[in-house]
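In what follows, a single structure is set out as structure tokens and then discussed.
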């Protein structure tokens, strides 16, 4: 029997629009596979989105490696020049940060004020509203959620209080200063809750540090090279200086997102395995339902290989069609997921994703072709393997006994 005829029989058994048991079971197998793939691919796209936004929005703004000192860092310019010669280092910028209190009327918020230079400010440009080329000594940038808690908008004046040691170093006083909100930073991440940025020299003078800095912030080409770079830098540092990387501040969150993605993927792959097992049971029942047709086909000259090939091809057809429809459904669901989340928030009147709890305030999606290809191939292979046992059973059926009954 040529392969074209074998495929014709397989398609007829898989796509028959009749009301027979075999047609119903084939459609049921496809539906199970479609649902499993649609859930897997849509959820994987969302988890990929969380990983991507975490990497680009949060880790793209925070320093990859940070160099600090226990004593005033007087040689920081020479150290900066040395660090720029190291491989994979893209930028080295000075910064000064200090704990402050924001006061606006009766509202008070404690956070950390970060002083940056003009080069560092460029990284925040796409996320600022309004756009801001540079900061003067009286301006600052507030995270959107921090500004919301203070009830501040662009153009408002805020009073900042920073602790300053007195001359005898036994007591501390609060140094006040007035700043104007020049722009809001809206990253859609937890950075909006706590970030306040001002000019480097302004912050250092406000904190009473003169021309000193808190440390040097390094950006590297590949953020996963940061731990190795930290170790390389640590070997060259004097005892008064220390170095850390992003894994100490954001590593647990990033690892948790990747672990959640792997666990969810494993769970949803098990659903595909269950759907493939459903193909085994469905085809086994198809063999029982079509035993007289199989016996007649064998009596007309079809060999055992022909019968096996027909059922293997039926498993392949179920896998291919289920994978194709499941991929389209998963793609549609992934595209619709952010809009569905927004609609649900509007319907319930609550914010489902809040940066007080989650790293992002929106549902991200990152659709990767590789995930779709791997999932589809796995589904097709499982369906073909699931058809092996029913195919062998069909090929070994006693033709004479069935025709005589």
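Values in this text are rule-based calculations from the coordinates and carry no lab data. Here the structure is a predicted model, which is why all the values come from computation and not from measurement.
Assuming 0.36 nm per residue, please report the length gained on full extension of the stretch residue 260 to residue 303 beyond their Cα-Cα distance. Present the calculation step by step, with values, prior to reporting the outcome.
Numbers: separation 43, 0.36 × 43 = 15.48 nm, distance 4.99 nm.
Result for the pair: 10.5 nm of gain on full extension.
With bins 5 Å wide beginning at 0, the percent of Cα pairs of segment 65-248 falling in each bin runs 1, 8, 15, 19, 18, 16, 12, 8, 3, 0.
Just the ratio, please: alpha-carbon radius of gyration of the chain over 2.2 N^0.38 Å, N its number of residues. Normalised Cα radius of gyration, the chain: 1.48. Helix 3-15 and the longest principal axis of the Cα set of the chain meet at an angle near 70°. Relative to the longest principal axis of the Cα atoms of the chain, helix 251-289 runs at roughly 10 degrees. For segment 10-138, the Kirkwood estimate of the hydrodynamic radius, built from every pair of different alpha carbons, is 21.0 Å. Taking every DSSP beta bridge that has both ends in the chain, the antiparallel portion is near 80%. Taking the C-alpha atoms only, the angle from helix 21-53 to the longest principal axis of the chain is near 10 degrees.
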